[in-house]
Amino acid sequence: MALVNALDLESLRCFVHAAAQLSFRVAAKACALSPAAFGDRIRRLEEELGAPLFERTTRKVTLTAAGERLLPQARRCLDEADRCRAAVSSDEKSPYELWLGTRFELGLSWMVPALGALEKRCPERRLHLYFGDTPDLLPRVLRGELSCMITSARLTNPGLSFARLHEEEYVLVAASSLLTRKPFAVPSDAAAHTLLDLHTDLPLFRYFLDARSAREVWQFGAVQHLGAIAAVRARVLEGAGIAVLPLYFVRQDLERKRLARLSPKTKLPSDWFRLVWRTGHAREAELRQIASELCELPLR
């Protein structure tokens, strides 16, 4: 019992920030502390718990096994502390924090610009972002390290709840300058082009293939795998090849004629962006609220 009493909530909050940022300097700024004061809080917490929580080198900071085990418990502890304050406060709008996971491109183009509007709508809510792909984000949601995540992946885990946000449409595109030299209209035209995609299983181009006849054979002259949607877009803009990309991500490029839409009569399948959280989350009402707000903010 003495150990529980010794734990300081603000030190736990510093730990959670450091675990999310994996940078003491960035986390210290978020907590409005000097780097020295922040490091002292982490050191005292480690002493109180009797275990190191971080591995620190000159190049990076990582969680130890003890830190990984503590993180979901620390988040729950801080959440319960917020709920205790709310229970006795005369003001129902007590401050609280949500940690939202998002993929890089969507986070930078949509979520970061939306933060200002979201803060105005709900000043008592502090929203933190964590960037990653679905295989990284999903375990963090299930372990309680993240409050929620935005994804268009189809998830079947029965321990998850979700709210729909926006439909994610896809288009096949190429640089307008490329098409003046190399047309692309029928399967045989593919031989003169390079296909740009994320991985070897062609997750983007598959949207186009699923919309076309299974009898068609699209044999490209070359295929390049780039690992990130932003990288694919950059190469398409250079005229390096063609690709399927999310419409929201290239809408301005199409409007400004930097890119042209290929096979416009072909309706590609679409996905839905969803806000996903662990079923039974203590902040489910607040998560549904932010989902409703995100539905009103157009993708960009």
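Across the accessible surface of the chain, with the other protein chains kept in place and a 1.4 Å probe, carbon and sulfur atoms take up 53 percent.
Subtract the Cα-Cα distance of ALA66 and ASP271 from 0.36 nm times their separation in residues, and report this length gain in nm to one decimal.
Numbers: separation 205, 0.36 × 205 = 73.80 nm, distance 3.81 nm.
Stretched fully, the ALA66-ASP271 segment lengthens by 70.0 nm.
For the chain, report the accessible area per residue in Å² (1.4 Å probe, heavy atoms, rounded to an integer).
Details: 15610 Å² over 300 residues.
Ligands and nucleic acids excluded, the result is 52 Å² per residue.
Relative to its Kirkwood radius, the Cα radius of gyration of segment 113-217 gives an Rg/Rh of 1.10.
What is the count of Lys pairs in the chain whose alpha carbons sit under 24 Å apart, if the two are 8 or more places apart or on different chains?
For the chain, the number of qualifying lysine pairs is 8.
Once R0 is set to 41 Å, what does the formula 1/(1 + (r/R0)^6) return for the Cβ-Cβ distance between LEU142 and ALA192, expressed as a FRET efficiency to the nearest 0.05?
On the way: r = 46 Å, r/R0 = 1.12.
Here the calculated transfer efficiency is 0.35.
With the convex hull drawn over the C-alpha atoms of the chain, the volume per residue is 165 Å³. Placing R0 at 41 angstrom, the Cβ-Cβ distance between ALA36 and VAL112 gives a FRET efficiency of 0.90 after rounding to 0.05. A simple spin-label model places the labels of SER23 and GLU55 2.1 nm from each other, with each point 7 Å out along Cα-to-Cβ. Extending 7 Å from the Cα toward the beta-carbon at both ARG256 and LEU127 defines two label points whose distance is 2.5 nm.
Would you mind putting 29-37, 205-213 in packing order, based on average other-beta-carbon counts within 10 Å, highest first? Don't skip to the end; give the middle numbers.
Values: 29-37: 13.1, 205-213: 15.3.
Most protected by this proxy first, the peptides run 205-213, 29-37.
Once the chain from LYS120 to ARG212 is taken as fully extended at 0.36 nm per residue, the excess over their C-alpha distance is 28.6 nm.
For the listed peptides 115-125, 170-180, a ranking on the average number of other beta carbons within 10 Å per residue, highest first, reads 170-180, 115-125.
With N as its number of residues, segment 172-262 has a Cα radius of gyration that, divided by 2.2 N^0.38 Å, comes to 0.99. The calculated P(r) of segment 47-205, using every Cα pair and 10 Å bins from 0, goes 8, 24, 28, 21, 11, 6, 2, 0 in percent. Dividing the summed helix terms, -39500 (n - 2.57) for each DSSP H run of n ≥ 4, by the number of residues in the chain produces a 222 nm estimate of -12500 deg cm²/dmol to the nearest 500.
The values are calculated or read from the model by the stated rules, or taken from the named source; none is laboratory data. All figures in this text were calculated on a predicted structure; none of them were measured in a lab. Methodologically, a virtual Cβ is constructed for each residue, glycine included, from the backbone with ideal geometry; neighbour enumeration extends over all protein chains shown. Surface accessibility is based on the protein's heavy atoms, side chains included, excluding ligands, DNA and RNA. Shrake-Rupley method; radii C 1.70, N 1.55, O 1.52, S 1.80 Å.
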